[in-house]
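Note sheet for the following structure.
The values are calculated or read from the model by the stated rules, or taken from the named source; none is laboratory data. Quantities reported herein were computed from a predicted structural model and do not represent experimental measurements. Please note: Cβ atoms are built from the backbone with ideal geometry, for glycine as well, and neighbour counts cover all protein chains shown.
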Amino acid sequence: MKLFISEGNPHCVKVLAAVKLTGVKCDISHVDHEERVVPYLSRPTLPVLLLPSGTHLFTPNAICQYFFEVSGQEANSLCNQWLEWEGTELQPALAQALHLSVLQGKAPEAARALQGPLSFLEQSLSKKGTQFLTAEEVKVADIILWAALYPFMSDSNFMPGDLPQVRRWFERVGLLEACQAASQTVINGKGAALKTFLQKQPVPHSQRRDPQPCNQAEGEDGERVMTEEEVQAATQTWNRGLTDCPSPAKREHPILPQEGKRNVLITSALPYVNNVPHLGNIIGCVLSADVFARYGRLRGWNMLFVCGTDEYGTATENKAREEGLSPREICDKYHAVHSAIYKWFQIDFDFFGRTTTSQQTEIAQDIFWRLHERGFLIEDMVEQLCCQSCQRFLADRFVEGVCPHCQYPEARGDQCDKCGRLINAVELKNPQCKVCGQTPIVRSSKHLFLDLPKLESQLEEWLEQSVTSGDWTANARQITRSWLRDGLKPRCITRDLKWGTPVPHPDFAGKVFYVWFDAPIGYLSITANYTDQWEKWWKNPKQVELYNFMAKDNVPFHSVVFPCSLLGAQDNYTLVNNLIATEYLNYEDTKFSKSRGVGVFGDMAKDTGIPADVWRFYLLYVRPENQDAAFSWADMALKNNSELLNNLGNFINRGGMFVSKFFDGRVPQMELQEEDRRLIAQVGWELRQYIQLLDKVRIRDALKCILNISRHGNQYIQVNEPWKKIKGGDKDRTRAGTVTGVSVNVACLLSAMMQPYMPTVSATIREQLLAPAHQCGRQSVVPKLEADQIESLRKKFGGQQTKAQPEANATPVSPPAPAAAVETHADPERAKQLAQEVAEQGDKVRNLKAQKVEKSVITAEVSKLLELKKQLALAEGKTPEPTPQKGKKK
Amino acid sequence: MALRELSSLEKSLGLKKPNKYSTQGERKVPVLQNSNGPSLTGLVTIAVHLVQDAKRPELLGVSAEQRAVVQQWLEFRVTKLDDCPREEVKNVLKDLNQYLEDKVYLAGNDFTLADTLMYYGIHHIMVDLAVQEKEKYVNLSRWFDHVQHYPGVRHHLPPVVVLRNRFYTSSHH
């Protein structure tokens, strides 16, 4: 028997105390929180008990019960009741309280969250009158509750109010040796382990639920019912038409802040030049920023969106050596690669620059001198390895030697690959320069450090104000807070390199700025390359609102280090107001890896033949907003075909097709009825959600609003059947006209809402809606992704992964449509006749289904219907496309 | 909801005299009013009590190990599945599907109380799954179909059609 536990996890206190108290023989294995012990669980879960039979027990209370049972103490109903209460009532409150107190430092709120369960416990104890929860002796329930409450009750600062019985009971249980030993081992008496554990946990449920109004409308069951007032208001808006709508502003460069406008400056983290960005990089910064920039422009804000390649540093020098080019040539080459990729993805920068410019040198040196004059830089000696034959100091990755800990002969300058320990390069035995193989010598050299501790109080004051007034994602706030809690230390800002911004101080000639100091200044210098009036953006905190987009690993540099540089320089710089950080995007359950060839990289996306808009849609649909997300080929095909094609594309095509087919390409007269007004109100409600969410940069959630609208629209068309009504009397024909008119109007609204997400599709729809009628609705705006196409792409980009995906493999390939023959087959007369037949056959199938006749009969009729639809599609000159499976989508 | 589960459970256990229940709090936790003894609170607690009352201890497992496994899935039902946030549902389905890959029932080859309660708790999710999704969670769907056809289990819930053949192939489109 083997028990797996991890440090800091209160559930592990439970099981460890239980095993010690019962004396059950069991090996104990300490593992990391991230370790996946149970093979069938997708999330790492601890504690786990591995039984000799190979069975895993992974819920803490069942493990404790098991220990008690095998030692001869069976649980009774009263015990069961406490265990269930602990799991269902106490734990949710505890999760929230721990999150509040340990991660957010809100002790009073935490105490409030626990008030209910604790007073219930107090009452029960005083009513029962026994020494312990269920009897005069300790049972499994006491151990479990004690361990669960340990993080709070053992904390002398915890003030939950007057709980005499609970306190006495807690002390009594805590006297047991088993409990003391267990809490010592797991929690260590200090908060650090507990905090690490909590950071790995998902944000507790009740906290996550409140600000997500969009979810409500997402499910079929949670459909929002419109009130009478909402319907009326929506109708009024509809009747008003487009008269009050401002026309979109023209973009005229250079864009500068304007008085009386909302002036928004957007940056996305500067991609490092010598790597081709992968999908994770793209969604993390440039794509997210692009959606928000496009949205802001639609809203009529005065936006400037800048980005560029980060080009200085060791890695560039290294790459240049590898490819036999100069660093400058490498930068030129890869800057062009980056530009092309972003252009293909339709990232609409106002300016995409680079950091290796004279403006960069000028601005970086200015900030440097200002920091220097104000006493925020300190000098210190740093010992480094220096290769005499190459005539340079060696960066960590350029040295190799014998590990001082395990004697592994090929340890790197920063870490040993064998024992995994971190190494200071000067500690390596027999170090060798990786370029020439010579033995480097240790040489001290003088360096400059930014005195972060001196700037700490200023920084905290600014942060307090920025975080509370702006939008900072939860991870950005959390990472920043943990940096501050650990205390700031001086950071070295200079390096012994050649490829960098030169340090202007004569005592430090030949040195350059360290990239972390230099790179964020790139935002300013890139803007300076865009316009010589750059200071109107960057030294104008009163007028300008700054949004930084990045992945979470970049947060500390944008929230702590760079603001310190700017605060210390004291030149009225614009500091970040809104810091938007994503979590990571994984590739099919593993990490993107260039060296292993795993994943899709920016330059390859184009070669897949899948349009950029589909990539954008899927990446934004899975955007890692609250937690890490995964890119999966099968899922991309599914989302494309079900959401984009069958839902959104289908709705837009239908409206357009009715207009062109039944109304000569002109939007018909509309006479609104109650049902139409309700749809309009529903659409309006989703639109308001969309705006609220995008104002808060909740990009993924806002996309769902778009899909909800087309879902409502599809239902509306389905229920009203304009294709049938058009064949009826005058009244029916008017009705068909109204439904068609409302549908294309909604489609038109959708085209605008989609513009930030899928600019090309949006433009295509707008073109079709305004184009001569005979074109309307004839083109599909979204391609279908076929299973075999996706499977071959998955194989191509999957590196060494071999795990097959059953869904993708087993689905037979659809017969190739005779693409060339399509045109000649088109036959309007035949199409009309077939359409009639399809409608009749469809009715027949529905009736049979309603009467619940035998399955085989229905199946036969369904296949007839499908055959007819295929013929109809051919007769209409289209490739057969999947019919929307209404009702199956639930 | 929980009350309907308990009354279905009573029927499937063949308990003659129905018990008296009430609910407690916002979450409507079931409470069993016991004539000879204190009342019991909580779905699992009451369900276990009913099984013992009906003298069907094998439904709680026949060995210490099996009893632990049954307890675990009962705990899973009320702590992980109930009130599961929307974005977590897929993970729960995925995990159950993986787990059931080589098992007939949750506790191996024997039908237990864990199957009954998990079935009641997951029914509302299975009802809403699209055909493709049911195919994706093929082991879970197989188990679900099995349990809903187990004699006496499906009382208050409508049957869910679980297709065992792939009948959508893209050539039908």
* May I ask you to verify whether A:Gln96 is touching a Pro at 6+ places or on another chain (Cβ under 7 Å), buried (at least 19 other Cβ atoms within 10 Å of the Cβ) and closer than 30 Å to A:Arg481 by Cβ? => yes
* Asked: Can you name the residue in region B:25-76 that is among the polar types (S, T, N, Q) and modelled with pLDDT of 90 or more and is also nearest to B:Tyr105 (Cα to Cα) among such residues?
  -> B:Gln66
* To do: For A:Arg666, state whether it is surrounded by 21 or more Cβ atoms within 10 Å (Cβ to Cβ) and either assigned by TED's automatic domain parsing to the domain that holds A:Gln768 or outside any helix (DSSP H, G or I) (or both).
  => no
* Asked: Which is modelled with pLDDT of 85 or more, crowded, with 19+ Cβ neighbours inside 10 Å and not in a strand (DSSP E or B), of A:Leu448, A:Leu371, A:Leu385?
  -> A:Leu371
* Is there any pair with a first residue in region B:60-88 that is within 19 Å of B:Pro30 (Cβ to Cβ) and at the interface with another protein chain (Cβ under 7 Å from one of its Cβ atoms) and a second that is among the polar types (S, T, N, Q) and not in a loop (DSSP other than H, G, I, E, B) whose Cβ atoms are under 7 Å apart and which are 6 or more apart or on different chains, and what are they? -> B:Gln71/A:Gln65; B:Glu75/A:Asn61; B:Val78/A:Thr88; B:Thr79/A:Thr88; B:Thr79/A:Gln91
* Can you tell which of A:Leu703, A:Leu672 is touching a Phe, Trp or Tyr at 6+ places or on another chain (Cβ under 9 Å), farther than 25 Å from A:Ala835 by Cα and in a helix (DSSP H, G or I)? -> A:Leu703
* Residue in region A:12-23 that is assigned to a loop (DSSP other than H, G, I, E, B) and within 13 Å of chain B (Cβ to nearest Cβ) present -> no
* Positions within region B:81-113 being buried (at least 19 other Cβ atoms within 10 Å of the Cβ) and among the charged types (D, E, K, R), in sequence order -> B:Asp95
* Asked: Which of the strands (runs of 3 or more DSSP E) contained wholly in region A:514-600 include at least 3 residues that are modelled with pLDDT under 90?
  -> A:585-587
* Qualifying positions in region B:45-59 - at the interface with chain A (Cβ under 7 Å from one of its Cβ atoms), without any contact (Cβ under 8 Å) to a residue 60 or more places away in the chain and crowded, with 22+ Cβ neighbours inside 10 Å -> B:Thr45
* Structure fact -> By residue number, the members of region A:450-480 that are under 20 Å from the mean Cα position of the chain (by Cα) and either of a type in the set (Lys, Arg) or in the same structural domain as A:Ala192 (by TED's automatic domain parsing) (or both) are A:Arg477
* Structure fact -> Residues of region B:93-140 being within 12 Å of chain A (Cβ to nearest Cβ) and not in a helix (DSSP H, G or I), in sequence order, are B:Lys103, B:Leu106, B:Ala107, B:Gly108, B:Leu129, B:Ala130, B:Tyr137
* Quick check: is even one residue across region A:339-351 in a loop (DSSP other than H, G, I, E, B), in contact with a Leu (Cβ under 6 Å, 6 or more places away or on another chain) and at pLDDT 95 or above? -> yes
* Within region A:407-436, which residues are closer than 23 Å to A:Glu317 by Cα and not hydrophobic (A, V, I, L, M, F, W, C)? -> A:Glu410, A:Arg412, A:Gly413, A:Asp414, A:Gln415, A:Asn424, A:Pro431, A:Gln432, A:Lys434
